[in-house]
Every structure is written in structure tokens, then in C-alpha cells.
1. Using alpha carbon coordinates only, what is the Rg to Rh ratio of region 59-142, with Rh defined as the Kirkwood radius?
2. So what's the Cα pair-distance distribution over region 83-122, bin width 10 Å, in %?
3. What number do you get for region 35-85 when its Cα radius of gyration is normalised by 2.2 N^0.38 Å, N = residues?
4. Sort 73-82, 146-155, 57-66 by packing, meaning the average of other beta carbons within 10 Å per residue, with the highest value first.
5. So for each of 108-119, 84-95 I average, over its residues, the number of other beta carbons within 10 Å; can you give me the resulting order with the highest mean first?
6. Quick check: Cα centre of region 108-155 to Cα centre of region 29-65, how many Å?
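Every number here is computed from the coordinates shown, using simple stated rules; none is lab data. Remember, it's a predicted structure, so these values are computed and weren't measured experimentally. As a convention, Cβ positions derive from the backbone with ideal geometry for all residues, glycine included, and neighbour counts pool all protein chains shown.
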């Protein structure tokens, strides 16, 4: 039942992302790197909400860096990243899922895009819990686009 609920939530969020003005659809004058980076952030959020550390880790590039809660954490590889499941802690705060509120490209090149974001956390009844500003750096590492680093005001 849990997997069905999460699958349905993911489906509805995917449909919502298509209608959401903060989601980007490839534009003729938009650099391919920005399209790739936005697709990575879409996948990042979908796999995050699926609560599958393995799938979520595929949206990252390594070493992966996170600056949050007053500390800096660096994961050298996928194995290290997936060794700790963070979802029990998040669920204990009342979290059920998250969504992008806004995403704005602030710097882009052929192989790297910096995106200023705001994301919202929700409970199981879709009531907002908290929202956080963040910066995501998405890179192309040997053909794999992934989040290389992220800094947020989230705990």
C-alpha cells in the first residue's frame, strides 16, 4: 500500500510539474545545459519523493556536496551516499513529500548550471510544513548530468 501511495503521488506530481510554470520545457533559445539541469532537478524531486535512496543517488554526481544545517557533508560515491537512509528522520518530522516552488538559473555554461530554488515540504494531507531557499549546482560529468552540490537553509 505504501508503494502504491508513493507511486500515485509521484504520478500526480509529475503531471503537476508539467503544468507548473516553474518547470521548464525545452525552449528553442534556451541552452541545452539548462534543459539538462532542469530535467535533473525534476528527477531529483521525483526520486526523492519515492524514498528510494538508490534511485535518488542516480540524480547526483560524485563527489557530492551538501551544505545545510550549519555543516558541510561530502559523499565520495553512490555507495557512501546510499549507506544511510534519511527518510525515517524526515518522516518523523511529519514530512510526506516535497515540491519545487521556484527554480531560476543564475549561472550557466556548457557543462554546469547554478539554479536558485525554493522547495516546499508537505505533510501527508498536502499541507505545507516549511519552505527553504537553496542553490543547486548541476554538472555534466562525462555525459552524466547530476546534482554535484547543493546548499540550503534546510536542516
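1. With Rg and the Kirkwood Rh in hand, the quotient comes to 1.00.
2. With a bin width of 10 Å, the distribution comes to 25, 31, 30, 14, 0.
3. 1.15
4. 57-66, 146-155, 73-82
5. Peptide ranking by packing, descending: 108-119, 84-95.
6. Cα centroid of region 108-155 versus Cα centroid of region 29-65: 9 Å apart.
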